[in-house]
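Have a look at the structure below before the remarks.
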Amino acid sequence: MTDTAGNATTTSGDEPVTMMEYFMQLEYSDVVSAPVMRFRDALMDARLIAQQCPKCKLVYVPPKGYCPIDTVELDERNEIQLADRGVVTNYTVVTPVQYYGQKETEPFVRASILLDPPGGMLILQDVLDIPVAEVRAGMRVEAVWAPKGERDVDEIGNRSGSALEGSLRGFRPTGEPDMPAEAFSDKVW
Amino acid sequence: MQCVLLGAVTELRATTHTIEFPYTRTLGPVIGSFFTGLRDRRILGIRAGDRVLVPPLEYDPETGDALKPDFVEVGPAGTVTSWSWVTKPTRKHPLDRPFGFALIRLDGADTAMVHAVDAGSIDRMQTGMRVTPRWRDERKGRIDDIECFVPEGGAA
Ligand SMILES: [Zn+2]
């Protein structure tokens with residue numbers, strides 16, 4: 001049985017049992033790939049690294065060890081340093097529904113950030129230090145890194161994508177003039 | 001998070017991702033009655049013609065007809081009709097030591113239900129063995145209100 005707050009309660013007394021709780025849980029264990037290990041090490045130094053395909057020049061962040069378009073392997077020789085500032089290309093304001101596991105209570109932003117040259121796109125980034133209603137495409141932003149002693153990359157694995165909040169908290173406005181849409185409209189993710 | 005050492009040189013790191021979905025389900029009149037029975041330390045079957053189905057079903061598996069809620073108490077002891085032995089239980093298994101998963105036809109029932117048998121050793125498991133439930137002290141109206149079955153006439 002469940003109370004209104006969703007907490008499991010013991011069926012008591014003589015009442016008929018009418019409901020059941022079923023908790024489905026799947027656990028995946030992955031060995032972290034070598035490129036992602038190097039990516040983690042860089043994050044601990046407040047750096048972003050990526051791999052760039054020598055054929056198509058696409059920038060993969062986090063590095064994935066291959067270019068799926070050209071089916072070529074990528075390794076340390078294809079590694080590049082990325083800028084930790086860039087531009088919001090698009091964003092979503094998420095109004096959290098209080099489902100199981102939801103930690104947010106107030107509307108928040110998830111933005112795609114196109115990093116300055118040599119490029120690279122980080123998706124689902126938090127935008128800090130600005131009211132949600134003022135976030136806009138074209139806004140210039142810079143990385144907000146966790147303080148050195150607080151950085152934690154233990155949870156970053158091959159499936160983590162751009163979820164880096166243990167080390168890269170998000171991005172905040174730099175105050176520079178906005179960039180025109182034409183500057184990034186071919187890279188909206 | 002765990003570290004695995006391969007040989008003496010390569011350290012491999014693993015990450016663990018857990019996906020969880022909590023479900024709350026209505027039980028309906030038949031399974032609801034079955035679980036209510038378990039909460040009260042009773043195992044209920046349902047009459048289907050001249051047979052008794054345990055666990056109870058809402059429909060007759062032979063004809064597809066809806067069954068009347070005509071419950072009958074069975075067991076609590078029963079006979080193992082088939083089994084397999086779990087040598088290395090996972091975290092999700094009902095027991096944390098090697099055990100048998102068995103089809104158990106409870107006394108008075110015409111069908112068998114699956115449950116765990118805490119036999120202690122594979123050598124004690126056999127088709128035809130008699131088993132009896134070990135009830136939990138705190139029961140919630142779930143199938144694991146019966147912690148497991150144990151060989152009749154002697155703890156495992
Ligand atoms: Zn490529």
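The values are calculated or read from the model by the stated rules, or taken from the named source; none is laboratory data. Worth saying up front: this structure is predicted, and the values here are computed from it rather than measured. Positions of Cβ are generated from backbone atoms using ideal geometry, with glycine treated the same way; all protein chains shown enter the neighbour counts. Remember, those area values only see protein heavy atoms, side chains included, never the ligands or the DNA or RNA. Shrake-Rupley method; radii C 1.70, N 1.55, O 1.52, S 1.80 Å.
Some observations on this one:
- Between the beta carbons of residue A:79 and residue B:82, assuming R0 = 41 Å, the FRET efficiency works out to 0.10 to the nearest 0.05.
- At 1.002 mPa s and 20 °C, Stokes diffusion of the range A:34-187 via Kirkwood alpha-carbon radius, µm² per second: 132
- Taking every protein chain into account, the accessible area of the range A:34-187 amounts to 54 square angstrom per residue (probe 1.4 Å).
- In degrees, nearest ten, helix B:28-39 long axis to first principal axis of chain B (Cα): 70
- Inter-chain shielding of A:23-33 (mean C-beta neighbours from other protein chains, 10 Å cut-off): 5
- Where only C-alpha atoms are counted, convex hull volume of the range B:1-138 per residue in Å³: 185
- Centre separation in Å (Cα based) which lies between the range B:36-88 and the range A:172-187: 67
- Approximate spin-label separation residue B:121-residue A:64, in nm, with each point projected 7 Å along Cα-to-Cβ: 5.4
- Between residue A:187 and residue A:165, the FRET efficiency from the beta-carbon distance, with R0 = 22 Å, is close to 0.45.
- The mean count of C-beta atoms from other chains within 10 Å of the C-beta of residues in A:89-98, rounded to a whole number, is 0.
- Candidates A:98, A:52, A:81: whichever shows maximal mean-square fluctuation once chain A is modelled as a Gaussian network with Cα springs under 10 Å: A:98
- Annotation: for a label point projected 7 angstrom from Cα along Cα→Cβ of residue A:30, residues of the range A:122-141 with backbone N closer than 18 Å are A:122-125.
- Rel. contact order, % - alpha carbon contacts under 8 angstrom, at least six apart, chain A: 19
- Take every pair of alpha-carbon atoms less than 8 Å apart whose residues are at least six positions apart; their mean separation over the length of the range B:29-151 yields a relative contact order of 25 percent.
- Principal-axis tilt of helix A:34-44 within chain A, Cα atoms, nearest 10 degrees: 90
- The count of lysine pairs in the range A:34-187 whose Cα atoms are under 28 Å apart, excluding pairs fewer than 8 places apart on the same chain, comes to 6.
- Listed by chain and number, the lysines whose alpha-carbon sits under 20 Å from that of residue B:140, ignoring those within fewer than 8 places in the same chain, are B:92.
- Three-way shape call for the protein assembly as shown based on the alpha-carbon gyration tensor, with the a/c threshold at 1.5: prolate
- Nearby aspartates and glutamates by direct alpha-carbon distance to residue B:68 (threshold 18 angstrom, same-chain neighbours under 8 apart not counted): B:50, B:58, B:60, B:110
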